[in-house]
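The values are calculated or read from the model by the stated rules, or taken from the named source; none is laboratory data. No experiment lies behind these values; they were computed from the predicted model shown. Counting neighbours? That spans all protein chains shown, and the Cβs are built from the backbone with ideal geometry, glycine included.
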Amino acid sequence: MWRRCRRARAFRWENEFPARSDGGCYTHAMHAKKRPVFLSLPRIHLPVAGVASILHRVSGVVLFLSLSAASGLFSLSLQDPAGWRAFQAVLYGWPGRVGLMLVLWALLHHLFAGIRHLLLDLHIGLDRPLYRYSAWGVLIAAPVVALWLGVLL
Amino acid sequence: MSRRASGLHAWFLQRVSAVYIGFFVLILLARLWLVPPADVDAWRQWVASPLVSVGFALLIPCLALHAWVGVRDVILDYVHPLGWRLLMLSLAAFYLLAVSAWALFALERLS
């Protein structure tokens, strides 16, 4: 049994990361100048769930950056009638509309993917077909609902 | 902050705040879609009503906390030199404090 495994070149930690001759460890090597790079971007095909996950992070950063505009607009809309008119002018102008759509997409993607992650934390939807379908659902629903809301609001 | 908002503690805070923010955003979007405020007074009155203003007052610190945990994770993942890391972390913290104060003052002016 053991021989068969060896012949089949099973993954073994020592083979992948042999002891270094300089006695250093790999954690330190990562901080050295000549850092080994194992990533080959064209060869990596991120699975759907991975795409949904990285977009969860991207949308989070977009939302973080939009917080200043959000609280500025919130403050402006509550100020006085002139502020309200300025707020509406921003919202119905085309740069504002495009910005709103982008932020809406980020908000909805973050929300849907967040709900999915919370359900995964509760061990709901961890198995393969549902795990993938829910990722597709998040990826598709966010822009669709964002477009729909952006046209309606 | 770093000790309080690290590890499992931060993970937990992020999820609890996420649930609150999620419900609030869903209710806010539904309300704005179903009954769009007609003018400033209607909008101001709605935001100033007890339930909604308390909801907003709770939303702002929740959002700041949630965003802090998330952005801190992003900065720790991608910014490695210590000086840059500290700079980015403090910029993010100041930004969140400033933005929260701005929104809270706007809310406070209503009452």
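A few points about this structure:
- Boolean, B:VAL52 is without any contact (Cβ under 8 Å) to a residue 60 or more places away in the chain and touching a Gly at 6+ places or on another chain (Cβ under 9 Å): no
- Filter result for the condition that a residue is surrounded by 16 or more Cβ atoms within 10 Å (Cβ to Cβ) and more than 18 Å from B:LEU32 (Cα to Cα), over A:LEU139, A:LEU111, A:LEU100: A:LEU139
- Single residue of B:LEU89, B:LEU82, B:LEU97 found to be surrounded by 13 or more Cβ atoms within 10 Å (Cβ to Cβ) and either at pLDDT 95 or above or over 30 Å from B:TRP43 (Cβ atoms) (or both): B:LEU89
- In the stretch B:54-76, the residues that are more than 8 Å from the chain's Cα centre (by Cα) and of a type in the set (A, V, I, L, M): B:VAL54, B:ALA57, B:LEU58, B:VAL69, B:VAL71, B:VAL74, B:ILE75, B:LEU76
- Pairs where the first residue, in the stretch B:74-87, is within 15 Å of A:PHE64 (Cβ to Cβ) and the second is surrounded by 13 or more Cβ atoms within 10 Å (Cβ to Cβ) and at pLDDT 95 or above, C-beta under 6 Å, 6+ apart: B:ILE75/B:MET88; B:ILE75/B:LEU89; B:VAL79/B:ARG85; B:VAL79/B:MET88
- Helices (runs of 4 or more DSSP H) (entirely within the stretch A:73-153) containing at least 3 residues that are in the same structural domain as A:SER53 (by TED's automatic domain parsing) and farther than 30 Å from B:ASP39 by Cα: A:94-121, A:128-152
- When A:ARG132 is tested against (1) at pLDDT 95 or above; (2) surrounded by 15 or more Cβ atoms within 10 Å (Cβ to Cβ), just one condition goes unmet, and that condition is (1).
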